[in-house]
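S.K.: Here it is, the structure in full.
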Ligand code: FAD
């Protein structure tokens with residue numbers, strides 16, 4: 001079965017609470033380990049940008065659950081491609097929280113100077129996630 005990489009963006013909804021991130025990561029790491037899905041999640045307290053890698057069926061199943069979650073909205077796929085190998089193999093779900101460094105990095109990928117993942121091309125979102133990966137231990 002083919003390996004794929006899916007990248008989507010979304011916005012935290014008005015029911016989202018800041019400690020939901022911990023719950024989401026705990027559930028994600030259990031589910032993703034079972035499905036052999038790996039990836040990275042970036043959250044800047046408004047937008048989510050997430051990459052999911054794994055076998056096509058497992059990634060699609062994971063995304064279907066995520067897309068129905070009411071803690072975020074405007075869930076939009078930026079890119080979905082067949083890949084030869086994983087770029088985020090070390091994490092069932094790596095997490096990059098907001099910091100001054102990530103703010104500057106994320107802004108540098110947007111022409112407007114303000115981070116808006118919905119305005120990004122898939123390839124650019126992928127490159128940003130690869131740069132953000134360097135902020136996670138054991139990258
Ligand atoms: P159940 O726990 O049975 O929940 C049923 C429904 O309610 C689902 O639609 C679920 O999304 C939603 N839900 C669950 N808890 C809450 C809550 N506290 N408030 C509102 N709605 C809720 N899951 C993964 O497995 N892997 C991931 O990589 C992953 N990444 C995520 C990234 C983001 C930004 C978000 C918001 C969620 C993510 N999740 C991820 C969680 C995912 O959306 C599901 O909650 C989880 O997969 C469990 O799915 P379920 O259908 O078994 O949920």
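Bear in mind that the values in this text are calculations on the coordinates, not laboratory data. Everything numeric in this text was worked out from a predicted model, so none of it was measured. FYI the Cβ positions are ideal-geometry reconstructions off the backbone, even for glycines, and counts take in every protein chain you see.
S.K.: Measure out, as a whole number of angstrom, how far apart the alpha-carbon centroids of the stretch 1-16 and the stretch 86-139 sit.
M.R.: The stretch 1-16 and the stretch 86-139 have Cα centres separated by 13 Å.
S.K.: Can you list, largest first and rounded to whole Å, the semi-axes you get for the stretch 1-75 by taking the square root of 5 times each eigenvalue of its Cα gyration tensor? Before the final figure, lay out each step's value.
M.R.: Details: eigenvalues 91, 32, 21 Å².
Rounded to whole Å, the semi-axes are 21, 13, 10.
S.K.: What number, rounded to the nearest 500 deg cm²/dmol, is the helix-based mean residue ellipticity at 222 nm of the chain, given -39500 (n - 2.57) per DSSP H run of at least four residues and division by all its residues? Working shown, then result.
M.R.: Numbers: 4 runs with 49 residues, N = 139.
Theoretical 222 nm ellipticity from helices: -11000 deg cm²/dmol.
S.K.: Additional query: What is the gain in length, in nm to one decimal, between residue 87 and residue 69 on full extension, counting 0.36 nm per residue of separation less the C-alpha to C-alpha distance? It would help to have the intermediate numbers written out before the result.
M.R.: Numbers: separation 18, 0.36 × 18 = 6.48 nm, distance 2.55 nm.
Contour length minus the Cα-Cα distance gives 3.9 nm.
S.K.: What distance in nm separates the two pseudo spin-label positions at residue 11 and residue 56, each 7 Å out from Cα along the beta-carbon direction?
M.R.: Distance between label points: 3.3 nm.
S.K.: Given the Cα-Cα distance of residue 46 and residue 124 and 0.36 nm per residue of separation, how much length would full extension add, in nm? Walk me through the intermediate numbers first.
M.R.: Working: separation 78, 0.36 × 78 = 28.08 nm, distance 1.92 nm.
The span from residue 46 to residue 124 would gain 26.2 nm if fully extended.
S.K.: Please report the equivalent ellipsoid semi-axes of the stretch 3-133, computed as sqrt(5 x eigenvalue) of the Cα gyration tensor, largest first, in whole Å. Don't skip to the end; give the middle numbers.
M.R.: On the way: eigenvalues 86, 62, 36 Å².
The three semi-axes for the stretch 3-133 are 21, 18, 13 Å.
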